[in-house]
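*Asks:* One structure, pasted below without further comment.
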């Protein structure tokens with residue numbers, strides 16, 4: 001048993017780095033990575049810009065909740081949303097370098113896009129968190145907030161929810177990827193009998209696990225009085241849409257039966273190829289002018 005597992009892993013590694021394993025790569029992918037890096041850099045720059053400062057009422061019940069600790073820390077949420085999909089798509093795939101590359105760039109693109117939109121919203125809207133007054137610690141003598149400056153500043157960044165967009169951007173990608181590897185969301189694809197991995201409900205449940213975690217993160221933001229309900233709803237939608245768009249750029253739809261044929265099952269998109277003929281990507285077509293010139297000669 002152990003010998004077979006080692007042999008299978010060795011075969012996967014050999015296939016992964018076999019001659020021609022980088023034939024798919026095109027310099028356009030370098031541009032793609034530059035765009036993804038630019039999105040992350042731009043979001044970091046925008047995060048340093050001033051936040052719109054709204055006026056507030058000391059009697060406003062919507063911002064008078066208690067200030068406590070997060071059930072899910074920003075660090076944990078960030079790392080799980082970014083690294084868990086990357087580790088799973090890399091370690092569990094055992095495919096080609098193209099599949100591994102597409103998994104990593106799609107995760108980074110989706111996470112970066114969600115972060116950029118979220119940061120833009122937070123700084124432009126400046127909505128006060130439900131626990132803002134507790135952060136503010138208003139002083140009637142000085143007529144000003146006396147709390148910690150960074151805590152007060154964070155209290156002005158309620159909309160949209162960053163935790164929600166972060167969690168759903170990473171976990172939505174992971175759910176889409178699992179569905180693409182198992183046909184869990186394409187019910188018309190036939191399944192081989194007699195295998196636990198062919199279980200319809202088993203595969204469907206597997207795709208729901210990452211979404212369940214993301215939902216827990218989003219709900220915890222309401223329980224912790226960090227966000228209003230629409231902050232969480234919009235943040236979740238930002239994460240879902242960002243991940244879905246970036247997934248579909250590099251991977252075929254997990255809802256379409258034509259993507260689960262023997263040739264395409266679980267495969268990433270070959271984005272940059274020549275005109276194809278019968279599935280080949282190395283066929284060059286002569287134009288009419290070229291054909292006429294050849295006849296004349």
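*Asks:* If R₀ is 35 angstrom, what is the calculated FRET efficiency for the pair residue 35 and residue 71, using the beta carbon separation as r and rounding to 0.05?
*Replies:* Calculated value: 0.50.
*Asks:* Treat each spin label as a single point 7 Å out from the Cα along the C-beta direction, and report the residue 273 to residue 151 distance in nm.
*Replies:* It works out to 5.8 nm between the two label points.
*Asks:* Another question, then. Tell me, 96, 166, 146 in order of fewest to most beta-carbon neighbours within 10 Å?
*Replies:* 146, 96, 166
*Asks:* Hey, another quick one. Run the numbers on region 28-296 and let me know its relative contact order in percent, using alpha-carbon pairs under 8 Å that are six or more apart.
*Replies:* 23 percent
*Asks:* In square nanometres, what is one fourth of the surface area of the convex hull spanned by the alpha carbons of region 171-213?
*Replies:* 2.8 nm²
*Asks:* If you don't mind, another one. Hey, fewest Cβ within 10 Å first, where do 244, 261, 182 land in order?
*Replies:* Ranked by crowding around the Cβ, least crowded first: 261, 244, 182.
*Asks:* Sort 150-158, 136-144 by the packing proxy (mean of other Cβ within 10 Å over each peptide's residues), most packed first.
*Replies:* 150-158, 136-144
*Asks:* Here is a follow-up. For region 28-296, what does the convex hull of the Cα positions come to per residue, in cubic angstrom?
*Replies:* Enclosed volume per residue, from the Cα hull, is 166 Å³.
Here, each number is a calculation from the coordinates, and none is a lab measurement. Treat the numbers as computed from the prediction; the structure is a model and nothing was measured. Positions of Cβ are generated from backbone atoms using ideal geometry, with glycine treated the same way; all protein chains shown enter the neighbour counts.
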